[in-house]
Amino acid sequence: MIARIWHGRTRAEDYEAYSKFLEERAIPDYRGTEGFVRLEFLRRIEAEAAHFTLITFWENMEVIKNFAGEDFEKAKYYPEDEAFLLEFEEKVMHYELFAQE
């Protein structure tokens, strides 16, 4: 199994609104992709910024390419992200999951 990790940052005042957007738009998109296993969304506020970390789990790298495209290390964004995100990190990170409890 492969874990795909993305990080985004918004203004602290957009914490709840961006969370709602992710629940309504991004999560269904992930769930609808064949080979998707599960996800974990983490969030926290630090000073004036809100941080969001998304960890998605996939069957293998090929199904990630079906979701993200051939350049699978490139972060995938939605048009609505422009209203929230303070910057657009170019890359995501991938890890092979070798143990879990």
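What follows is calculated from the coordinates using simple rules that are stated; it is not laboratory data. Predicted, not measured: the structure shown is a model, and the values here were computed from it. Cβ sites come from the backbone with ideal geometry, for glycine too, and all protein chains shown count toward neighbours.
Observations
- Given (1) part of a helix (DSSP H, G or I); (2) of a type in the set (A, V, I, L, M, F, W, C); (3) more than 23 Å from residue 97 (Cβ to Cβ), index of the condition residue 50 fails: (1)
- Scope segment 83-94; condition free of Cβ contacts under 8 Å to residues at least 60 places away in the same chain and either surrounded by 14 or more Cβ atoms within 10 Å (Cβ to Cβ) or among the aliphatic types (A, V, I, L, M) (or both); matching residues: 83
- Test: residue in segment 24-35 that is part of a strand (DSSP E or B) and buried (at least 16 other Cβ atoms within 10 Å of the Cβ): no
- Filtered residues of segment 70-82 (kept if exposed (fewer than 12 other Cβ atoms within 10 Å of the Cβ) and either hydrophobic (A, V, I, L, M, F, W, C) or assigned to a helix (DSSP H, G or I) (or both)): 79, 82
- Count of segment 1-23 residues which are of a type in the set (S, T, N, Q) and outside any strand (DSSP E or B): 1
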